[in-house]
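*Asks:* Quick one: structure below, then a few questions.
Values in this text are rule-based calculations from the coordinates and carry no lab data. None of these values were measured; they are calculated from a predicted model. As a convention, Cβ positions derive from the backbone with ideal geometry for all residues, glycine included, and neighbour counts pool all protein chains shown.
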Amino acid sequence: MNNSIFAWIKDVNTNSTLPTATCEFIVSGDVVIKAITSFDVAHHCNCYPCLAQINVSEDSMGHAVIRSLKPIPIDLVEVDYLRWTALLRTGKEQLVGRFFKLLSMITVQELAPFKDFILSKPFILEKFMLSKASYQHHHSVEHGLFEHSVEVAEITYYNAKHLRHSELECQTGLVAGLFHDIGKIYPMLISGKNQYTAGPHESYSFSILANPLGQLGTYNSKVFSLLAALLSAKPYGYKPRYALEYILKQADRCSAESNYARMNFTSLPNHYDFTRVDGKTIYRLIEQT
Ligand SMILES: [Fe+2]
């Protein structure tokens, strides 16, 4: 084990006379992991219990050792962390930490209503976490929409940062990435059933986000215009007005096509380096052993 993971920090114990400290954390479920860490690492975690991004490995005796620990500044309690990780129990639990880290990165005042919206509507967040992103094209499994949305938000934000867009544009791109497909859960919200149904999801997204969009529109019309353009952006056949729309479109397409390729190789033997789907050939490189 030598991983950077998200975990719920339950307890941290330090003793000023010792260079080491102890820590208890949960990744998911009810398994509490006891770990050792340094006094310096523990000293930086003064707000536990909390969600944190940790780098953890094992020593020669098999003990968990926390190498670094970074608290995620988000309004979350243990019972909710356990609820959401239980919902994504099929190996996708880390998406919960990635999602809340993205929300914690929304710091500009204009965009705060979107963070408040999703944190105060657990029934919407639950459908968002459960839904597929499509019938068959990409992320077409349970939790697929949530995984795709987190991927698009991360790629959009970090690519925009790398290309030196302003923090306001980067965070607007992050919000758009997270919620660009949220309209896909509209039929589930109306019917109350956890069944994906295709529809005009761009329009549905505006319906679900009506309140935070309204608040943004009255507070800052320029940011509203950018976010509205981003939420309307389609990955194919669409003419953008803002540079950020290209970044979001690319992120959307990268996430979708990468998942589509991975999905089509899943059931094939490891030595297959190409496959044909609907008359189209998809290639991949194989690690040489
Ligand atoms: Fe998408």
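*Asks:* I want the local charge near Ser205. Using Cβ-Cβ distances under 9 Å, sum +1 for each Lys or Arg and -1 for each Asp or Glu among the other residues. Spell out each step's value before the answer.
*Replies:* Details: positive: Lys184; negative: Asp181, Glu202.
Neighbourhood net charge equals -1.
*Asks:* Let a ≥ b ≥ c be the square roots of the eigenvalues of the Cα gyration tensor of segment 246-289; is it rounded (a/c under 1.5), or, if not, prolate (a/b larger than b/c) or oblate?
*Replies:* prolate
*Asks:* A follow-up question, please. Once you have a ≥ b ≥ c as the square roots of the Cα gyration tensor eigenvalues for segment 23-140, tell me rounded if a/c is under 1.5, and otherwise prolate or oblate according to whether a/b is larger than b/c.
*Replies:* The shape class here is oblate.
*Asks:* Let me ask another. Return the FRET efficiency for the residue pair Glu202, Ser120: r is the Cβ-Cβ distance, R0 is 25 Å, and the value is rounded to the nearest 0.05.
*Replies:* On the way: r = 24 Å, r/R0 = 0.95.
Plugging the Cβ-Cβ distance into 1/(1 + (r/R0)^6) gives 0.60.
*Asks:* Work out from phi, with θ = phi - 60° and the Karplus expression 6.51 cos²θ - 1.76 cosθ + 1.60, the ³J(HN,Hα) of each residue of segment 112-128, listed in order in whole Hz, and give x for Gly and Pro.
*Replies:* 4, x, 6, 5, 4, 4, 6, 6, 9, 10, x, 5, 6, 4, 4, 5, 4
*Asks:* At 7 Å along Cα-to-Cβ for each site, give me the label-to-label distance between Ser232 and Asn211 in nm.
*Replies:* Here the answer is 2.5 nm between the modelled labels.
*Asks:* So, one more: For Lys34, give me every one of the aspartates and glutamates with a C-alpha distance below 19 angstrom, ignoring sequence neighbours fewer than eight places off in its own chain.
*Replies:* Asp11, Glu24, Glu58, Asp59, Glu78
*Asks:* Taking only DSSP H segments of four or more residues, each worth -39500 (n - 2.57), what value at 222 nm results for the chain once the sum is divided by all its residues, to the nearest 500 deg cm²/dmol?
*Replies:* -14000 deg cm²/dmol
*Asks:* Further question: Per q in 0.19, 0.28 1/Å, what log10 I(q)/I(0) does a Debye calculation on the alpha-carbon atoms of segment 2-71 return?
*Replies:* Cα-only, vacuum Debye calculation for segment 2-71: -0.66, -1.43.
*Asks:* Go ahead and set up a Gaussian network model of the chain, Cα springs under 10 Å, then flag whichever of His143, His165, His63 fluctuates most.
*Replies:* Result for the chain, Cα springs under 10 Å: His63 fluctuates most.
*Asks:* Over the Cα atoms of the chain, each weighted equally, I'd like the Debye log10 I(q)/I(0) at q = 0.10, 0.15 Å⁻¹, rounded to two decimals.
*Replies:* -0.62, -1.21
*Asks:* A follow-up question, please. Starting from the Cα of His43, move 7 Å in the Cα-to-Cβ direction to define the label point; list residues of segment 1-35 whose amide nitrogen is under 13 Å from there.
*Replies:* Residues passing the 13 Å test: 14-21.
*Asks:* Amide H of Thr20 versus every other amide H placed in the peptide plane: which residues, excluding those fewer than 5 positions away on the same chain, fall under 5 Å?
*Replies:* Amide H to amide H, under 5 Å and 5 or more residues apart or across chains, Thr20 pairs with Phe39.
*Asks:* Right, next: Do any trypsin sites (Lys or Arg not before Pro) in segment 74-130 lie in a loop, going by DSSP, with at most 15 other beta-carbon atoms within 10 Å of their beta carbon, and if so which?
*Replies:* Arg89
*Asks:* Now for a separate question. Mind running the shape call on segment 105-265? Use the C-alpha gyration tensor, a ≥ b ≥ c as the square roots of the eigenvalues: rounded below 1.5 for a/c, prolate if a/b tops b/c, oblate otherwise.
*Replies:* Numbers: a/c = 1.76, a/b = 1.18, b/c = 1.49.
Here segment 105-265 falls in the oblate category.
*Asks:* Next up: How much length would be gained if the chain were fully extended between Leu163 and Arg67, taking 0.36 nm per residue of separation minus their Cα-Cα distance, in nm to one decimal?
*Replies:* 31.5 nm
*Asks:* Could you identify which residue out of Met61, Met188, Met129 has the top mean-square fluctuation in a GNM of the chain using Cα springs shorter than 10 Å?
*Replies:* Ranking Met61, Met188, Met129 by mean-square fluctuation puts Met61 first.
*Asks:* Can you give the local net charge around Ala176? Use residues other than it whose beta-carbon is closer than 12 angstrom to its beta-carbon, Lys and Arg +1, Asp and Glu -1.
*Replies:* Net local charge, Ala176 excluded: -4.
*Asks:* Go ahead and set up a Gaussian network model of the chain, Cα springs under 10 Å, then flag whichever of Leu51, Leu95, Leu168 fluctuates most.
*Replies:* Evaluated over the chain, the most mobile residue of the options is Leu168.
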